[in-house]
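Each remark here refers to the structure printed beneath this line.
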Amino acid sequence: MYKIIDGKEVSSYVKQQVKLQTDILKQQGITPCLAVIIVEGDPASRVYVNNKKRACEVCGIKSLEYALAGDVGEEELLALIDKLNNDSSVNGILCQLPVPKHIDEKKVIDAISPAKDVDGFSAENVGKIWLGDYSISPCTPMGVIELLDYYKIDVQGKNCVVVGRSNIVGKPMAALLLERNATVTVCHSKTKDLASFTKNADIIVAAVGRAGFITADMVSEGAVVIDVGINRLSDGKLAGDVDFEAVKEKASYITPVPGGCGPMTIAVLMKNTIEATKMQNNIK
Ligand code: GUN
């Protein structure tokens, strides 16, 4: 019998913890502040940004939204980031991705000061994750770790198979699992005989971006299945990378979509905003 990993419950718990920390900072006259930049045009990005602003409210964090028109020039966006980097009342900066094609995403990521990079996307913060010496966590992968911790699922010595090698999820996910002494395999679109790896996994983290990609025949009995995918189907419904209905019958634990990893990404973003605020104010 499988257990559902409830990302809504765990994210509420994490946000409550963040709120306690925000209250302590406020008693010291410090109000954590997150600046959220969105280049309008992508409906999904609008939903994510609204959810991030709502989470800030729950956590007592001040949020500032900078909504730029879809045809905004790269220079203007980079100038805004520069202004926010130099504004000491702003502790965290994120630019919702993707940005339109005429803007170089890498330049945007590189422009955000690593001290305020609450997504953890900058080269400096990514490097620190691989060195095991970081305070800003990669949001989605750390959200997965928080889920595993909450349900007391130990990864040490386990065969963990990460399917997907994106900079945002797959690669940092591998780093965090490795740091916790898991045996990690990263599979991707060029992997030969993917099922031979996933069938051998105690824990599967699916982050491919293809609905229903992980099927029941690829999963061994009792595996923990974490689904990071959020795919919009033609009927408008959301689906993960895992064929949930079939795979759940084999899994010991499984995350649903929605309500699994999604809410955790935002909860960790809130944690990172507090971390950044503390670092900028020399508070341990
Ligand atoms: N687009 C999809 N996920 C994310 C995220 O975690 N952060 C940002 N900035 N953009 C995203």
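Throughout, read-outs are computed from the coordinates displayed, never taken from laboratory work. Here the structure is a predicted model, which means the values were calculated and not measured. Counting neighbours? That spans all protein chains shown, and the Cβs are built from the backbone with ideal geometry, glycine included.
Computed from the C-alpha gyration tensor, the three semi-axes of the ellipsoid equivalent to the chain are 32, 21, 18 Å, from longest to shortest.
Calculated [222 nm] ellipticity per residue, helices only, for the chain: -12500 deg cm²/dmol; basis is -39500 (n - 2.57) per DSSP H run with n ≥ 4, divided by all residues, nearest 500.
Packing-wise, with mean Cβ within 10 Å as the measure, how do 14-25, 99-110 rank, highest first?
Peptide ranking by packing, descending: 14-25, 99-110.
Seen from a random direction on average, the alpha-carbon convex hull of the stretch 1-159 projects onto 11.6 square nanometres.
With the radius of gyration and the Kirkwood radius both derived from the Cα set of the stretch 140-207, what is their ratio Rg to Rh? All intermediate terms of the calculation are to be shown ahead of the outcome.
Working: Rg = 11.2 Å, Rh = 11.8 Å.
Ratio value, two decimals: 0.94.
Only Lys, Arg, Asp and Glu carry charge here, each on its Cβ (+1 for the first two, -1 for the last two); on that basis the stretch 143-284 has a dipole of about 480 debye about its Cα centre.
Mean separation of Cα pairs under 8 Å and 6 or more residues apart, divided by the residue count, gives the chain a relative contact order of 23 percent. The HN-Hα couplings worked out from phi for the stretch 46-60 by the Karplus form 6.51 cos²θ - 1.76 cosθ + 1.60 (θ = phi - 60°) are 4, 4, 4, 5, 4, 5, 5, 5, 5, 4, 4, 4, 4, 8, x Hz, whole numbers, x standing for Gly and Pro. Averaging the Cα positions of each part gives two centres, and for the stretch 115-136 and the stretch 243-284 these lie 17 Å apart. Computed over the stretch 14-159, relative contact order equals 20 percent, with contacts defined as Cα pairs under 8 Å that lie 6+ residues apart.
Dipole magnitude of the stretch 152-198 about its Cα centre, charges +1 at Lys/Arg Cβ and -1 at Asp/Glu Cβ only, in debye to the nearest 20? Around 80 debye, computed over the stretch 152-198. Across the stretch 126-284, the mean sequence separation of Cα contacts (distance under 8 Å, 6 or more residues apart), normalised by length, yields a relative contact order of 22 percent.
Full-extension gain between LYS237 and GLU76, please, as 0.36 nm times their residue separation minus the C-alpha to C-alpha distance. Mind showing how you got there, number by number?
Numbers: separation 161, 0.36 × 161 = 57.96 nm, distance 3.54 nm.
The span from LYS237 to GLU76 would gain 54.4 nm if fully extended.
Against the compact-protein benchmark of 2.2 N^0.38 Å, the Cα-based radius of gyration of the stretch 1-61 scales to 1.42. 3J(HN,Hα) couplings calculated from phi for the stretch 240-252 with the Karplus curve 6.51 cos²θ - 1.76 cosθ + 1.60 (θ = phi - 60°) are, in sequence order, x, 7, 9, 6, 4, 4, 7, 5, 4, 5, 9, 7, 8 Hz; Gly and Pro show x. Taking Cα centre as origin and charging only the Cβ of basic (Lys, Arg, +1) and acidic (Asp, Glu, -1) residues, the dipole magnitude of the stretch 94-137 rounds to 100 debye. Between amide H atoms placed 1.01 Å from N, distances below 5 Å from LYS3 occur with TYR253, ILE254, all of them 5 or more places distant or on a separate chain.
How much of the DSSP beta bridge set in the stretch 88-247 is antiparallel, as a percent to the nearest 5?
The antiparallel proportion sits near 10 percent.
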